[in-house]
Amino acid sequence: MCFWIASFAVQAADFRVTFINPGDDTGFWGEVAKTMSAAARDLNADLEILNANRRPYAMEELLSHRLERGDLPDYFILVNENQAAARLMQLMEGHPSKVLFLLNKLTPNQKTNLERRNIDLRSIVASIVPDNETAGYDMATSLIEKARRSGSFKGKIRLLALTGDTNTPAGLQRELGMLRAVADHSDVKLVHAIPVDWSEELAYQRTRDVLARTRVDIVWGASDDLALGAQKAAREAGLVAGKNIFFAGLNWSKRGMDAVATDGMTMSHGGHFFAGAWSMVMLRDHFFKSVKGEVFVDVLFKMSPITMDNVEVYLTHLGDGDWDKIDFTRFCKSRTGRSHYDFSAEAILEAAGS
């Protein structure tokens with residue numbers, strides 16, 4: 001099993017963290033790890049990253065092996081990818097490390113079932129989750145409005161949705177936002193909502209199959225990769241993105257931003273890979289908290305859309321992917337004395353020198 005360990009400590013670290021990464025050091029989860037690593041350097045944290053490479057049950061194997069190895073960190077950062085969090089928390093039972101849930105936290109049903117089994121959840125000190133439902137709604141709305149303005153379509157606007165998977169809370173919430181937008185617009189018909197397991201290649205194949213059978217006017221992708229995979233199928237079918245078919249995605253990927261800049265996508269929603277950095281900020285605050293006892297901190301933060309109106313600003317200041325230019329100490333309440341977190345796109349751009 002492959003894993004990547006990054007440890008940053010010019011001097012003795014203030015606190016130690018192990019991140020069980022559902023993915024690897026590329027793509028979205030790679031960006032999460034990069035922002036987390038940049039923040040760890042700023043915050044004097046010793047960070048260990050173990051990559052599951054999206055293999056089924058690999059997160060449980062990695063966590064189990066890490067717990068067996070001993071010399072445990074102060075904190076584990078876990079993700080409820082494919083609703084694996086209940087099994088992860090069972091493994092954590094009896095161990096002293098605290099837990100932060102990143103991007104996907106325990107669902108209410110998981111929490112109830114664990115409590116019924118007398119699994120102690122007091123080790124969970126924080127979670128940070130983006131507002132995926134609003135993002136899914138915004139993406140669908142941008143597609144619908146662009147299709148209307150184009151005047152290219154007769155009758156109902158036909159929407160193809162490419163969803164992530166059938167279990168991960170983030171994907172399900174994005175899909176819920178998309179469905180809410182469809183319900184709000186009577187001139188839109190949802191042709192298909194197809195789970196493609198976050199795979200660009202599978203998104204391409206499924207879109208190709210759908211286009212061979214029926215007309216599609218707009219394509220909602222749960223990530224930039226899915227939207228771009230669908231775009232490849234549309235090109236092969238003789239369609240032109242931005243003219244007779246429209247796409248929207250999510251991730252703030254460089255490819256997604258470039259597609260927005262050339263009118264290949266109506267928007268790339270996102271900014272949530274910075275949650276890697278925000279998790280380190282929150283753990284630093286927890287480690288140096290002044291109040292006695294555990295205080296659970298649950299952060300729901302807004303993502304932001306990149307559109308034709310603002311894409312050049314984002315490309316200029318964030319397109320290089322150099323997260324070391326951001327001083328992440330400025331986001332810590334324990335260093336600034338602020339009473340709340342500001343993880344907004346505006347704060348990121350300002351920190352990046354906008």
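The values are calculated or read from the model by the stated rules, or taken from the named source; none is laboratory data. Bear in mind that the values here come from a model prediction, so they are computed numbers and not experimental data. Note: ideal-geometry Cβ built from the backbone for every residue, glycine included; neighbour counts use all protein chains shown. Surface areas here come from the heavy atoms of the whole protein model, side chains and all, with no ligands, DNA or RNA. Shrake-Rupley method; radii C 1.70, N 1.55, O 1.52, S 1.80 Å.
Could you tell me the accessible area of D74 in Å² (1.4 Å probe, neighbours in place), rounded to the nearest ten?
Rounded to the nearest 10, the figure is 60 Å².
Tell me which of M303, L349, V191 sits at the most positive position along the dipole axis of the chain, charges placed on C-beta atoms (Lys, Arg +1; Asp, Glu -1).
V191
With +1 on the Cβ of every Lys and Arg and -1 on the Cβ of every Asp and Glu, and nothing else charged, how large is the dipole of the range 1-127 about its Cα centre, in debye rounded to the nearest 20?
Using Cβ point charges on Lys, Arg, Asp and Glu, the range 1-127 gives about 380 debye.
Quick one: which residues, 5+ away or cross-chain, put their amide H under 5 Å from the amide H of V299? H built at 1.01 Å from N.
The list, which skips near neighbours in sequence, is S127, I128, V129.
Given F287, T329, H269, which one lies farthest toward the positive end of the charge dipole of the range 267-354, if we put +1 on the Cβ of every Lys and Arg and -1 on the Cβ of every Asp and Glu?
Ranked along the dipole, the leading option is F287.
Starting from the residue with the highest accessible area, list T262, T307 in decreasing order, probe 1.4 Å.
Numbers: T262 105, T307 30 Å².
In descending accessible area the options line up as T262, T307.
Write down the accessible area per residue of the chain in Å², having rolled a 1.4 Å probe over the full set of protein chains.
Working: 15120 Å² over 354 residues.
Heavy-atom SASA per residue in the chain reads 43 Å².
Take every Cα pair under 8 Å in the range 38-155 that's 6+ residues apart, average their separations, divide by the length, and report that relative contact order as a whole percent. Walk me through the numbers on the way to the answer.
Values: 99 pairs, mean separation 22.3, N = 118.
Across the range 38-155, relative contact order equals 19 percent.
Would you mind telling me the share, in percent, of accessible area of the range 280-344 contributed by carbon and sulfur at probe 1.4 angstrom?
On the way: 1890 of 3630 Å².
That fraction is 52 percent.
Given H placed 1.01 Å from N in the peptide plane, which residues other than close sequence neighbours of F246 have an amide H under 5 Å from its amide H?
Those qualifying (amide H under 5 Å, at least 5 residues apart or on another chain) are I218, V219.
Where both residues lie in the chain, what percent of DSSP beta bridges are antiparallel, nearest 5? Walk me through the numbers before you get to the answer.
Numbers: 3 of 43 bridges.
Roughly 5 percent of the beta bridges in the chain run antiparallel, per DSSP.
Can you send over the carbon and sulfur percentage of the accessible area for the range 1-140, probe radius 1.4 Å, protein chains only?
Working: 2800 of 5840 Å².
Carbon and sulfur together cover 48 percent of it.
With only Lys, Arg, Asp and Glu charged, each at its Cβ (+1 for the first two, -1 for the last two), find how big the charge dipole of the range 247-321 is about the Cα centre; round to the nearest 20 debye. Kindly include the intermediate steps, with their values, before the conclusion.
Numbers: 6 positive and 8 negative charges, 70 e Å.
In debye, rounded to 20, the range 247-321 gives about 340.
Taking a spot 7 Å from the Cα of S97 along the direction of its beta carbon, which residues of the range 31-54 have an amide N less than 14 Å from it?
Counting backbone N atoms under 14 Å from the label point, the list is 46-52.
Which order do L67, L176 take when ranked by solvent-accessible area (1.4 Å probe, heavy atoms of all protein chains), largest first? Write out the running numbers ahead of the final one.
On the way: L67 20, L176 90 Å².
Solvent-accessible surface, decreasing: L176, L67.
For an R0 of 22 angstrom, estimate the FRET efficiency from the Cβ-Cβ distance between R180 and E145 and round to the nearest 0.05.
Values: r = 15 Å, r/R0 = 0.70.
So, using R0 = 22 Å, E works out to roughly 0.90.
Using Cα pairs closer than 8 Å and at least 6 residues apart in sequence, work out the relative contact order for the chain, in percent.
Relative contact order for the chain comes out at 17 percent.
Measure out, as a whole number of angstrom, how far apart the alpha-carbon centroids of the range 303-350 and the range 89-123 sit.
Using only Cα atoms, the two centres lie 31 Å from each other.
Sum -39500 (n - 2.57) across every DSSP H segment of at least 4 residues in the chain, then divide by the residue count to get the 222 nm mean residue ellipticity, nearest 500.
Values: 13 runs with 147 residues, N = 354.
My calculation for the chain gives -12500 deg cm²/dmol from helical runs alone.
Any idea how far apart N310 and Q90 come out in nm if each label point goes 7 Å out from Cα toward Cβ?
The answer from the label model is 4.3 nm.
With loop defined by DSSP as not H, G, I, E or B, and exposure as at most 11 other Cβ atoms within 10 Å, which is the longest segment of the chain clear of exposed trypsin sites (Lys or Arg not before Pro)?
After excluding every exposed loop site, the longest remaining stretch is 1-116.
Looking at T134, L47, M92, which one has the Cα that reaches farthest to the positive end of the dipole of the range 27-183 (charges on Cβ: Lys, Arg +1; Asp, Glu -1)?
T134
Using DSSP to define loop residues, name the chymotrypsin sites (Phe, Trp or Tyr not before Pro) in the range 290-354 whose beta-carbon has at most 16 other beta-carbon atoms within 10 Å.
On the way: sites: F296, F301, Y314, W323, F328, F331, Y341, F343; in loops: F296, Y341, F343.
Listed in order of number, the matching sites are F296.
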